[in-house]
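Visitor: So that we are looking at the same thing, I have put the structure below in structure tokens.
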């Protein structure tokens, strides 16, 4: 019983690894489904969500809140989906979107550029070696910029993951074995405590997603369903926020109590 | 049987895991004790060898000529030891120069960050924030060291087969993972991978012998053939080639010595301005 996120570059065989891990452990393997659900739920075209989570933000976008809102929508859907447990997620930024959840096994699959070019050539008919190389380099660059601008970290930084597996000498089947072995260890098993933490995280993400369009600078925490909403703004937006929060009590399941704290800095564990 | 090379962001963590892996796999553990042999063989104080492995180049540090020479000595002795097989190697930067040897499993172990902070706080008697800054500073220095010494960033995960973070994974589990992984077929020594390692060892011996006299040499070996690349002025070309051939030819297992001398354009420019 675990949650596994597999981060990968394009054509790094990460998808194959994720599917095989899910099949071996009998877990669900999810990736694009999260975006489709978020698109349906929040009425945003899927292509916009893909761009928000894939492409590096432009200079103008860095000052706007649209992208953060889209990321909050995706995170909300992902948190709800993985809270049911037994999931392998190999979509974009899983390890960052689920940051702070202790029993998530975070894996990165890497491959040599040469191997990735060969895979790209075999999977995309008519693409030349040079074009495949340029495509992969651009893709890596976008990922790097995206992660740095939103989370201030480098996706190539190994310390973000529990395991980094280089698929070259190690084969896909070896990587699958290593991940399955790690996933069955005690610290990645879903205990009651971890389940509660995951449920709280899902509640906080849903509330954030519901508020982010109107109140971009809120931070949300939840402990046993007792939700605290933090905002740096003072009473100016107070009435509006209070009204919206009261509506949320009925919309989102699992909330015991809702409190709003005005004029306070956001705590580090806030969503 | 295979070779396991372990690198880590903390010497202590790397050593601890290496010893446990060696015990579990029934291998020998080669660590910085090997520097004693290097020191005796080449008559260099052990302290200087340790500095070579830890300090990036600086004004106050060892000269780059000496650093490269000492690194060549360490490399030579380490590669000879790795030829013996069934070895877990740590603390000698082998992950940066044992390249293209398929039966060498390269693993990077990342320390539990909280544990590392606590250790640094206790050792240095500083506050948490300062300990974090110290750890980050050390990381930057290590990166500078690996780039200056081997032109490789040792933090780059593509230089390893496997990176394990001890933030969530227990040391005992990491040991088991490494021992299980080295059992995979790909890490069995093959005729070609053994030859690769033997070539590297021979090249290492020749380089260590030549570097005392010619600090800019690059050496490759293929069987008993040794290829040496160096730079010289046109007038010194013949003399340098002969000396290299003589010195390299005296080394055990060396058959043919090929010397490629390139124009030393910098020295030429300096001399033409005199």
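Visitor: Would you mind telling me the antiparallel percentage of the DSSP bridges in chain A, rounded to 5?
Guide: Beta bridges within chain A, antiparallel portion: roughly 20 percent.
Visitor: Something else now. Between residue B:12 and residue A:180, what is the spin-label point distance in nm, taking each point 7 Å from the Cα along the Cα→C-beta axis?
Guide: If labels sit at residue B:12 and residue A:180, their model points lie 3.8 nm apart.
Visitor: May I ask for the angle, rounded to the nearest 10°, between helix B:113-124 and the longest principal axis of chain B, with both axes built from Cα atoms and the value confined to 0 to 90°?
Guide: With rounding to tens, the tilt is 80 degrees.
Visitor: Follow-up question, since we're still on this one. Cα axis of helix A:66-82 to longest principal axis of chain A: angle in degrees, 0 to 90, nearest 10?
Guide: Around 80 degrees separate the two axes.
Visitor: Within a 10 angstrom radius of each residue's Cβ in B:153-162, how many Cβ atoms of other chains show up on average? Whole number is fine.
Guide: That average works out to 5.
Visitor: In degrees, nearest 10, range 0 to 90: what is the angle between the Cα axis of helix B:128-150 and the longest Cα principal axis of chain B?
Guide: Taking the Cα atoms of chain B, the angle to B:128-150 is about 30 degrees.
Visitor: Between residue A:243 and residue A:259, what is the spin-label point distance in nm, taking each point 7 Å from the Cα along the Cα→C-beta axis?
Guide: So the label points at residue A:243 and residue A:259 sit 2.5 nm apart.
Visitor: Could you calculate the contour length gain from residue A:151 to residue A:124, that is, 0.36 nm times the residue separation minus the distance between their Cα atoms, to one decimal place in nm?
Guide: Working: separation 27, 0.36 × 27 = 9.72 nm, distance 3.17 nm.
My answer for the length gained is 6.6 nm.
Visitor: Just need the relative contact order of the stretch A:192-262 here, percent rounded to a whole number, with Cα pairs under 8 Å and 6+ apart.
Guide: Result for the stretch A:192-262 is 34 percent.
Visitor: Quick one: if the Förster radius is 51 Å, what FRET efficiency do residue B:216 and residue A:232 give, using the C-beta to C-beta distance and rounding to 0.05? Before the final figure, lay out the partial values.
Guide: Working: r = 59 Å, r/R0 = 1.17.
E between residue B:216 and residue A:232, to the nearest 0.05, is 0.30.
Visitor: Now a separate question. I'd like the distance between the alpha-carbon centres of the stretch A:76-128 and the stretch B:4-24, rounded to an integer number of Å.
Guide: A separation of 29 Å, based on Cα centres.
Visitor: What does the highest-first list of A:90-97, A:156-163 look like by mean Cβ count within 10 Å? Mind showing how you got there, number by number?
Guide: On the way: A:90-97: 22.5, A:156-163: 21.0.
Listed from highest to lowest mean packing, they are A:90-97, A:156-163.
Visitor: Relative to the present Cα-Cα distance, how much length would full extension add between residue B:41 and residue B:118 at 0.36 nm per residue of separation?
Guide: Between residue B:41 and residue B:118, full extension yields an extra 23.8 nm.
Visitor: Which shape class applies to chain B: rounded if a/c is under 1.5, otherwise prolate when a/b exceeds b/c and oblate if not, where a ≥ b ≥ c are the square roots of the Cα gyration tensor eigenvalues?
Guide: Oblate, because a/c is 1.5 or more while a/b does not exceed b/c.
Visitor: Grab the beta carbon distance between residue B:147 and residue B:180, set R0 = 30 Å, and tell me the FRET efficiency rounded to 0.05.
Guide: With a Förster radius of 30 Å, E is 0.40.
Visitor: Looking only at chain B, where both bridge partners belong to it, what percent of the DSSP beta bridges are antiparallel (to the nearest 5)?
Guide: Antiparallel bridges: around 15 percent, rounded to the nearest 5.
Visitor: Along the Cα-to-Cβ line of residue B:266, 7 Å from the Cα, sits a label point; which residues in the stretch B:61-89 have backbone N less than 13 Å from it?
Guide: Residues passing the 13 Å test: B:64-65.
Visitor: Share of antiparallel DSSP beta bridges in the stretch A:192-262, in percent to the nearest 5?
Guide: Of those bridges, close to 50 percent are antiparallel.
Visitor: Roughly what would the spin-label model give for residue B:86 and residue A:187, points 7 Å off Cα along C-beta, in nm?
Guide: Spacing of the two 7 Å Cα→Cβ label points: 3.2 nm.
No value in this document is a laboratory result; all are computed from the given coordinates. All figures in this text were calculated on a predicted structure; none of them were measured in a lab. Virtual Cβ from ideal backbone geometry, glycine too; neighbours counted across all protein chains shown.
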